[in-house]
Amino acid sequence: MTGLLVVVGVLAAGTVIGFVLRGREGAVRSGQQRGELPARVAEALGPGVTLVQISTTFCAPCRHTRARLSALADKRADLSHVDIDVTNQPEIAETLGVLRTPTTIAYTSAGDEILRVSGLPETNRLLTALQPHLSEH
Amino acid sequence: MSTSQQIDPRGPRFAAGITTVVLAVVLITSWWPLLAAQAVVFAAGALFGLRFSPYGTLYRVAVQPRLGPPAEREDEAPPRFAQAVGLVFAVVGVLGYASGSTTLGIVATAAALLAAFLNVAFNFCLGCEAYLLLKRLGPSASSQTT
């Protein structure tokens, strides 16, 4: 009897968690400053806005995110994209406060965090949120 | 990463469906030998790849021919890592049930059920996306290799 209740409870909780995760997928959160950037990130910053994607080898949506963001960056001179695989350098993720991959963090050329996105970013939502920092319209 | 095998992404999701049913039966019946069998399935998927696990084989033989070729292929590393996470929970669950610590058995099996259910119902690979979280909680496994 206990087992049956546990099954029902897990499936109910799983359904709620699933919808919450789906709702948060691609949501844009405003950035917060976290002290000094890891060297690997600081050296990747370009002249405009840089989208720093944090990935691991064990992450399927990371590949889709990489394809989408690099295509976006290719079309715009004021936006660049870099994908950092932290599978073997988790200290980078820890410094940046990233627990889930993919997480994409947008930085200004000065290294200030503008925003971050968990999961596969939606191009239009991302561009709208970045608008004040972009030179092309 | 690019050297890794590319697989039909519907395969792991199909396997997660069977896993969900198996783990639910384990919880309802407390029949831990079934959980031990599921642990062997997880081990096969983690060690040899999902195509060679029993559920993966069933998918290739019985399901994929009816569905046709996949629209795209995925890297095998993420679901394979998730199988290893499932293996850890299944082994802890078996140890719990078999040693009389039923609560431990139930908790471990319930955690594995949650992950399998999220995979089949929402196509969300908990083990894959939370790799960094798992690594921070248990740094022993991979820090030795680096």
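The values are calculated or read from the model by the stated rules, or taken from the named source; none is laboratory data. The structure presented is a predicted model; accordingly, all values stated were derived computationally and were not measured. For neighbour counting, all protein chains shown are included, and Cβ atoms are generated from backbone atoms with ideal geometry for every residue, glycine included.
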request  = Scan segment A:122-137 residue by residue and report those that are of a type in the set (A, V, I, L, M, F, W, C) and either in a loop (DSSP other than H, G, I, E, B) or more than 16 Å from residue A:75 (Cβ to Cβ) (or both).
outcome  = A:129, A:134
query = Just one of B:16, B:43, B:36 is buried (at least 22 other Cβ atoms within 10 Å of the Cβ) and at pLDDT 95 or above; which is it?
reply = B:16
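Taking the residues in segment B:48-71 that are in contact with an Asp or Glu (Cβ under 9 Å, 6 or more places away or on another chain) and not hydroxyl-bearing (Ser, Thr, Tyr) as candidates, determine which candidate is surrounded by the fewest Cβ atoms within 10 Å (Cβ to Cβ).
The first filter runs over segment B:48-71 and keeps only residues in contact with an Asp or Glu (Cβ under 9 Å, 6 or more places away or on another chain), leaving B:49-51, B:59-60, B:64, B:67, B:69-70.
Cutting the leftovers down to not hydroxyl-bearing (Ser, Thr, Tyr) gives us B:49-51, B:60, B:64, B:67, B:69-70.
On the way: B:49: 18, B:50: 25, B:51: 15, B:60: 17, B:64: 16, B:67: 11, B:69: 9, B:70: 14.
Going through the qualifying residues, I end up with B:69.
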task = Evaluate segment B:128-136: report whether one residue or more is under 16 Å from residue B:14 (Cβ atoms) and not aliphatic (A, V, I, L, M).
result = no
request  = Determine whether segment A:50-59 contains at least one residue that is of a type in the set (Val, Ile, Thr), surrounded by fewer than 16 Cβ atoms within 10 Å (Cβ to Cβ) and under 30 Å from residue B:21 (Cβ atoms).
outcome  = no
request  = Could you grab me the full set of residues in segment A:1-49 that are touching a residue at least 60 places away in the same chain (Cβ under 8 Å) and β-branched (Val, Ile, Thr)?
outcome  = A:28, A:41, A:49
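Out of segment A:1-55, which residues are of a type in the set (Gly, Ala, Ser) and either in a loop (DSSP other than H, G, I, E, B) or within 17 Å of the chain's Cα centre (by Cα) (or both)? Break it down stepwise before answering.
Start the filter on segment A:1-55 by keeping residues that are of a type in the set (Gly, Ala, Ser), which leaves A:3, A:9, A:12-14, A:18, A:23, A:26-27, A:30-31, A:35, A:39, A:42, A:44, A:46, A:48, A:55.
The answer is A:23, A:26, A:27, A:30, A:31, A:35, A:42, A:44, A:46, A:48, A:55.
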message = Return the residues of segment B:37-72 that are within 15 Å of the chain's Cα centre (by Cα) and small (Gly, Ala, Ser); say none if nothing qualifies.
response = B:37, B:39, B:43, B:44, B:45, B:46, B:49, B:53, B:56
query = What do you reckon, is residue A:80 more than 21 Å from residue A:135 (Cα to Cα), touching a Pro at 6+ places or on another chain (Cβ under 9 Å) and among the polar types (S, T, N, Q)?
reply = no
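Among the residues of segment B:93-110, how many are in a helix (DSSP H, G or I) and surrounded by fewer than 19 Cβ atoms within 10 Å (Cβ to Cβ)? Let's see the steps before the verdict.
So in segment B:93-110, the residues in a helix (DSSP H, G or I) come out as B:93-98, B:102-110.
Still in the list and also surrounded by fewer than 19 Cβ atoms within 10 Å (Cβ to Cβ): B:95, B:98, B:102-104, B:107.
The number of residues fulfilling the criteria is 6.
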